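**Student:** Here's a structure for you.
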Amino acid sequence: MSATLRQVVERHDVIVCAGSGGVGKTTAAATIALWGAQHGRRAAVLTIDPARRLADSLGLPPTGGSEVEVPREFLRKHGIEITGSLSAMMLDQKGAWDSLVERHAPTAETRERILSNRFYQHLSQSFAGSQEYMAVEELARLRDSGRYDLIVVDTPPSRHALEFLEAPQRLNDFLDRKVVRWFVKPYASAGWSAMRLFNRTAGFVLRTLEEATGVAVLAEISDFFAGMETLFDGFGERTERVYKVLQSPRTAFVVISSPEEEVLEEAEYLGDKMAALGMPLRAVVFNRVHAEFTEPIDRADFPRGDIRGDDRERVEACLARAKVGPADLAARLAGNFVAYQDMARGEGMRLEMFASGLPRQVPIVRVPNFSTDLHQLDGLTRMHPYLFGRS
């Protein structure tokens, strides 16, 4: 017997909401954390780029970077009672990097040397994969703090959701000890010509870095690596630590997807890569689904028992007999309804095909396409019956 999404959340300490951008990951993550708080969990949601209204609802400051507990009185004003606690944090990529340096720099001098380095300042804000890595790093930090027994992560919006899973290793590869040694040797400060003579590969790396970052001062780059050398010593261990969090049996990956074909293809690929990385998929949420109308239909008008694209004239005739309004209104309503049925039926077929390729034990839930965005706290609770069933 497969578990339900409710059981998945109850059995795990970390829920990672993954998927393509624009499918409702942030809303789903906040909704899961809120449900956990309502059921006695010390819940925290780590979000990346929430809609401003949702951020305001959670009490998140515009700059992010700090954990904020949502006051019970504030929740009560929205008709929400919790028996646990609800905290929220919006990732501040630069602030998270600075915090990492402050925690691990061996001396105050080294810390200030790194934080004031121009190459570091650019790297901490713009390096590819940096945001994804810091999201995982912050997840590990929150988990190690022991303050929460449920952490829900809204993975960064990215071109491909897999970047979140691969970011720790990619960053670790970039900060490989061999690369560091190229920069911390004295000859590095001699300039381009000396570097090219010594090692063409190192010269290529430096040119690539300068083009990517716009920081053309070689001394700044060399000084950055020299200052960070002591931090790099433990970087591999930290990467292993964050991977252990992701691969822990207490961590559950939940894919959030919409019914569009391209999004479903990426979700399928993401699920396969999760399994390959030892991060098995625990649940799937189909969000913004259009449900096909399946109420009993008059067989005299619709012998098949359902309504399809070629039934528009019959639908229009039914509306006209019901005197819903002028004839042109009945025609427009009929066209809209038939188009909706076709869209809903197409979505249903795609979702069924996707579901058939999932392991049987992976629960699947469908959340309808609501008429309004759910960016307020009381709006989040509208998703609960669909995600967790009715209490």
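**Student:** Examine region 367-388 for a residue that is of a type in the set (A, V, I, L, M), more than 25 Å from residue 72 (Cβ to Cβ), within 23 Å of the chain's Cα centre (by Cα) and not in a loop (DSSP other than H, G, I, E, B), and state whether such a residue exists.
**Tutor:** Residues of region 367-388 that are of a type in the set (A, V, I, L, M), as a first pass: 367, 374, 377, 380, 383, 387.
Those still in the list that are more than 25 Å from residue 72 (Cβ to Cβ) too: 367.
The next check asks that each one be within 23 Å of the chain's Cα centre (by Cα); those that pass are 367.
So of that shortlist, the ones also not in a loop (DSSP other than H, G, I, E, B) come out as 367.
Taking every residue of region 367-388 in turn, at least one turns out to be of a type in the set (A, V, I, L, M), more than 25 Å from residue 72 (Cβ to Cβ), within 23 Å of the chain's Cα centre (by Cα) and not in a loop (DSSP other than H, G, I, E, B).
**Student:** Specify which of the listed residues (246, 270, 264) is modelled with pLDDT of 70 or more, in a helix (DSSP H, G or I), touching a Lys or Arg at 6+ places or on another chain (Cβ under 7 Å) and surrounded by 14 or more Cβ atoms within 10 Å (Cβ to Cβ).
**Tutor:** On the way: 246 fails: touching a Lys or Arg at 6+ places or on another chain (Cβ under 7 Å); 270 fails: touching a Lys or Arg at 6+ places or on another chain (Cβ under 7 Å).
Only one candidate passes the filter, namely 264.
**Student:** Okay, next question. Which residue, of 149, 176, is of a type in the set (Asp, Glu), surrounded by fewer than 19 Cβ atoms within 10 Å (Cβ to Cβ) and at pLDDT 80 or above?
**Tutor:** Sole residue among the options that is of a type in the set (Asp, Glu), surrounded by fewer than 19 Cβ atoms within 10 Å (Cβ to Cβ) and at pLDDT 80 or above: 149.
**Student:** Taking the condition modelled with pLDDT of 80 or more, within 26 Å of residue 44 (Cβ to Cβ) and of a type outside the set (Ser, Thr, Tyr), does residue 112 pass?
**Tutor:** When the stated conditions are applied, residue 112 does not pass them.
**Student:** Which residues, taken from region 342-391, are surrounded by 13 or more Cβ atoms within 10 Å (Cβ to Cβ) and at pLDDT below 85?
**Tutor:** Within region 342-391, 374, 375, 376, 377, 378, 379 qualify.
**Student:** Which residues, counting only those in region 73-91, are touching a residue at least 12 places away in the same chain (Cβ under 8 Å) and either open to solvent by less than 50 Å² (accessible area, probe 1.4 Å) or not in a loop (DSSP other than H, G, I, E, B) (or both)?
**Tutor:** Matches in region 73-91: 74, 75, 80, 82, 84, 85, 86, 87, 88, 89, 90, 91.
**Student:** Pick from region 17-35 the residues that are touching a helix residue (DSSP H, G or I) at 6+ places or on another chain (Cβ under 8 Å) and under 15 Å from residue 58 (Cα atoms): which of them is surrounded by the fewest Cβ atoms within 10 Å (Cβ to Cβ)?
**Tutor:** 26
**Student:** Hey, does region 286-297 have a residue that's charged (D, E, K, R) and at pLDDT 85 or above?
**Tutor:** Yes, that holds for at least one residue.
The values are calculated or read from the model by the stated rules, or taken from the named source; none is laboratory data. Keep in mind that this is a model prediction, so the values were computed, not measured. Virtual Cβ from ideal backbone geometry, glycine too; neighbours counted across all protein chains shown. Side chains are part of the model used for accessible areas, which takes the heavy atoms of the whole protein and leaves out ligands, DNA and RNA. Shrake-Rupley method; radii C 1.70, N 1.55, O 1.52, S 1.80 Å.
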